[in-house]
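The values are calculated or read from the model by the stated rules, or taken from the named source; none is laboratory data. This structure is a prediction, so every number in the text was calculated from the model and none was measured. Virtual Cβ from ideal backbone geometry, glycine too; neighbours counted across all protein chains shown. Heads up: the accessible areas ignore ligands, DNA and RNA and are worked out on the full protein's heavy atoms, side chains in. Shrake-Rupley method; radii C 1.70, N 1.55, O 1.52, S 1.80 Å.
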Amino acid sequence: MLSSRNMLSSISLRHMRVFVAVADHGTFTAAAEVLGLTPSGLTATIRQFEDVAGTPLFDRTTRQVTLSATGARFLPTARRLISEFEEALGDLDALSKGIGGTIRIAAAPSVLTRILPGVISRFVDEHPDARLRLDELNAGEVHEAVARNEADFGIAGEWHALPDIAFSPLFSDRFGVLCRPTHAFARRSAIAWSELADQAFVGLGPESGTRAMMAAQGSFAGDAGGAVGAAYAGVDPAEVAASPAVKRAAALGLPEAQMALRRANASERAIERVAKAALAKRAEDAKNGGRAADGSGSTMIDPIAQLRPIVETSNTITLAAMVAEGVGITVLPELAARVADLAAPGKLAFVPLCEPVRKRPIGIITRQSRSLSPIARIFLVMVIEQAPKMDLPAAIEWG
């Protein structure tokens, strides 16, 4: 006797097409005509599908055919499977002819807004048969999308290490303050991090790659990194990782819970790395009489650790709106700040931060065990060649 799994494997794309056609046209006769089948042949196909599935997909009356509850739930999946199969065949045909295919790119918002449009404009002129899918994600999500093969490659900041994922630096941009033009900071040429301590501050949430980089770069905090982790986590990642409710939800397959668990575990590892680096520096500074090894100062609390957002958001545009309305100032890399300025033109000012100067590295994220398709490789090479020639903030450093 065949197992249920073996029986389900007998379902083919033909069954899916027939099922969707009947659902769309409401009668077996109309669906058969559209598909070029005989009514009896189409009926036999649906009956076979239902026998294998073990449940009716349609409720039949003398006048019409309607989807059963099971059929209604399965219909979106059937449509998706057909669409993906047809797209894959189109890609295969295009690739075999060397003329196109679909490229899936996951990237940070500032990259999608300020860098890729110019590259894409030239690319589609030269490769009109290619198709591009762009997904706007934060740094952690970009890395995970590439790891899960949901994107051919990504462009975003560094994140926690994932198996099989490579990060190749593309450029870096400096951090600075984003404020209203009427703010006292707007008249300055540079601002020290320590000057932010008494300011009303709004910021990106802990899932943001920008915020994670700020915290990680503050690894010389005098409390061995603990204040950095606490200030930037919002909640203790250990509590999330250990939460029975989150673990049960993740075990049941709830995507949001699985994502929360991965991020919490990643945050724990990041904080551990920060703490280890801070302890090593603290020990080195102790050998130098309490001064930093480079002679620049003592092991004082990092000013980043003192920033306590009164509002957090996961969206840069929302953050810009908060600043434009005077809720507070924020800290962003320069390219992200320029994107935010597009949402509130004339209402924002960017001033670089110094003492110390800190930068956000952006790079190409790929899977080491998977080669890019020819068309994806062409596009990526074009990004690397064309991006440095664009009209972007002068402080960006390439390579």
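Going residue by residue through the stretch 334-353, is there one that turns out to be in contact with a Pro (Cβ under 6 Å, 6 or more places away or on another chain), at pLDDT 90 or above and not acidic (Asp, Glu)?
Scanning the stretch 334-353 turns up at least one residue that is in contact with a Pro (Cβ under 6 Å, 6 or more places away or on another chain), at pLDDT 90 or above and not acidic (Asp, Glu).
Restricting the search to the stretch 164-194, which residues are assigned to a helix (DSSP H, G or I) and either touching a Pro at 6+ places or on another chain (Cβ under 6 Å) or without any contact (Cβ under 8 Å) to a residue 24 or more places away in the chain (or both)?
The answer is ALA184, ARG187, TRP193, SER194.
Of the residues SER68, SER4, which is within 38 Å of the chain's Cα centre (by Cα), over 30 Å from ASP152 (Cβ atoms) and modelled with pLDDT under 85?
Testing whether each residue is within 38 Å of the chain's Cα centre (by Cα), over 30 Å from ASP152 (Cβ atoms) and modelled with pLDDT under 85 leaves just SER4.
Output yes when any residue across the stretch 367-376 is of a type in the set (Gly, Ala, Ser) and free of Cβ contacts under 8 Å to residues at least 40 places away in the same chain, and no when none is.
yes
Tell me whether the stretch 316-325 contains one or more residues that are in a strand (DSSP E or B) and touching a strand residue (DSSP E or B) at 6+ places or on another chain (Cβ under 6 Å). Before the answer, list the steps.
Residues of the stretch 316-325 in a strand (DSSP E or B): none.
No, there is no match, as no residue in the stretch 316-325 is in a strand (DSSP E or B) and touching a strand residue (DSSP E or B) at 6+ places or on another chain (Cβ under 6 Å).
Take THR102 and decide whether it is in contact with a Lys or Arg (Cβ under 6 Å, 6 or more places away or on another chain) and either modelled with pLDDT under 85 or on the phi < 0 side of the Ramachandran plot (or both).
The answer is yes for THR102.
Go through (1) modelled with pLDDT under 90; (2) within 18 Å of THR77 (Cβ to Cβ); (3) surrounded by 12 or more Cβ atoms within 10 Å (Cβ to Cβ) and name the single condition GLY26 misses.
(2)
Among the residues of the stretch 122-152, count how many are in contact with a Ser or Thr (Cβ under 6 Å, 6 or more places away or on another chain) and of a type in the set (Phe, Trp, Tyr).
Looking only at that region, the number is 0.
Across the stretch 354-367, which residue is modelled with the lowest pLDDT among those that are open to solvent by 50 Å² or more (accessible area, probe 1.4 Å) and in a loop (DSSP other than H, G, I, E, B)?
Filtering the stretch 354-367 for residues that are open to solvent by 50 Å² or more (accessible area, probe 1.4 Å) and in a loop (DSSP other than H, G, I, E, B), the one modelled with the lowest pLDDT comes out as GLU355.
Restricting the first residue to the stretch 100-118 and requiring it to be assigned to a helix (DSSP H, G or I), which pairs with a second residue that is open to solvent by less than 10 Å² (accessible area, probe 1.4 Å) and β-branched (Val, Ile, Thr) meet a Cβ separation below 8 Å and a spacing of at least six or different chains?
Hits for this filter: VAL111/ILE155; VAL111/ILE362; LEU116/ILE105; LEU116/ILE155; LEU116/VAL383.
Go over the candidates ARG73, ARG47, ARG63, ARG79 one by one and state the one that is touching a residue at least 24 places away in the same chain (Cβ under 8 Å) and either exposed (fewer than 13 other Cβ atoms within 10 Å of the Cβ) or part of a helix (DSSP H, G or I) (or both).
That would be ARG79, the only listed residue that is touching a residue at least 24 places away in the same chain (Cβ under 8 Å) and either exposed (fewer than 13 other Cβ atoms within 10 Å of the Cβ) or part of a helix (DSSP H, G or I) (or both).
For the list (1) touching a Phe, Trp or Tyr at 6+ places or on another chain (Cβ under 9 Å); (2) in a helix (DSSP H, G or I); (3) over 19 Å from LEU132 (Cα atoms), I need the number of the one condition that VAL339 fails.
Result: VAL339 passes all but (1).
Tell me, yes or no, whether the stretch 133-153 has at least one residue that is within 19 Å of GLN386 (Cα to Cα) and surrounded by 20 or more Cβ atoms within 10 Å (Cβ to Cβ).
Yes, there is a match, as at least one residue in the stretch 133-153 is within 19 Å of GLN386 (Cα to Cα) and surrounded by 20 or more Cβ atoms within 10 Å (Cβ to Cβ).
Among the residues of the stretch 137-146, are any within 23 Å of the chain's Cα centre (by Cα) and at pLDDT below 85?
no
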